[in-house]
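The values are calculated or read from the model by the stated rules, or taken from the named source; none is laboratory data. Nothing here was measured: the structure is a model prediction, and the numbers come from that model. Using ideal geometry, Cβ is built from the backbone for each residue, glycine included, and neighbour counts are taken over all protein chains shown.
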Amino acid sequence: MRVTLRRRGGYTIIELLVVMIIIAVIAGITYVRMAPSLNRARVRGAAGMLAGDLQYAQVLAARQRTPILVTVNSGTLTYQIADRGGTVFRTRVLGVSGNYNLTELTGTPTTLEVFPNAIAAQSATYTLGTSSSRRQVTFSRAGQIRVTTIP
């Protein structure tokens, strides 16, 4: 009497490992090519948010009829919108613990005072960026806000 062995259908571990390695290589190549675009998008989003928050500070100053302070902390990569009495209306974290994962946030001056008529005590320049992309947000004394790319 002969015994015949029946082979089961399926994939071997070697075949599965080869497929997994190919998928990992493709994912690595895609990440390397997409990382600069993702960094630019994060910086662009953070700069747009800062510009929107500066407009919010103008509206808030007019509505509250009191000066509003925008304070930038370069060490923690945060900025805050508050009134002179210390009431904080908005705080944004742009560093590693925030959504934008930026490596640079500087402001000159570090505190901007926005008056109820939407003008400022002085013009301000904010620089946001990562290692591969940077943007600059300027607030003029007349209350104009502009976002520009830094080459």
- Query: Of Ala62, Ala120, which residue is surrounded by 14 or more Cβ atoms within 10 Å (Cβ to Cβ) and free of Cβ contacts under 8 Å to residues at least 40 places away in the same chain?
  - Reply: Ala120
- Query: Which residue, of Tyr56, Tyr31, Tyr79, is in contact with an Asp or Glu (Cβ under 8 Å, 6 or more places away or on another chain), of a type in the set (Ser, Thr, Tyr) and within 27 Å of Tyr100 (Cβ to Cβ)?
  - Reply: Tyr79
- Message: Thr76 - would you say it is among the β-branched types (Val, Ile, Thr), in contact with a strand residue (DSSP E or B) (Cβ under 9 Å, 6 or more places away or on another chain) and either modelled with pLDDT of 90 or more or surrounded by 15 or more Cβ atoms within 10 Å (Cβ to Cβ) (or both)?
- Response: yes
- Query: Out of Leu94, Leu102, Leu50, Leu69, which single residue is within 28 Å of Gly129 (Cα to Cα), touching a residue at least 60 places away in the same chain (Cβ under 8 Å) and in contact with a helix residue (DSSP H, G or I) (Cβ under 9 Å, 6 or more places away or on another chain)?
  - Reply: Leu102
- Task: Only strands (runs of 3 or more DSSP E) wholly contained in segment 55-133 count here; list those with 2 or more residues that are among the hydroxyl-bearing types (Ser, Thr, Tyr).
- Result: 78-83, 104-108, 124-129
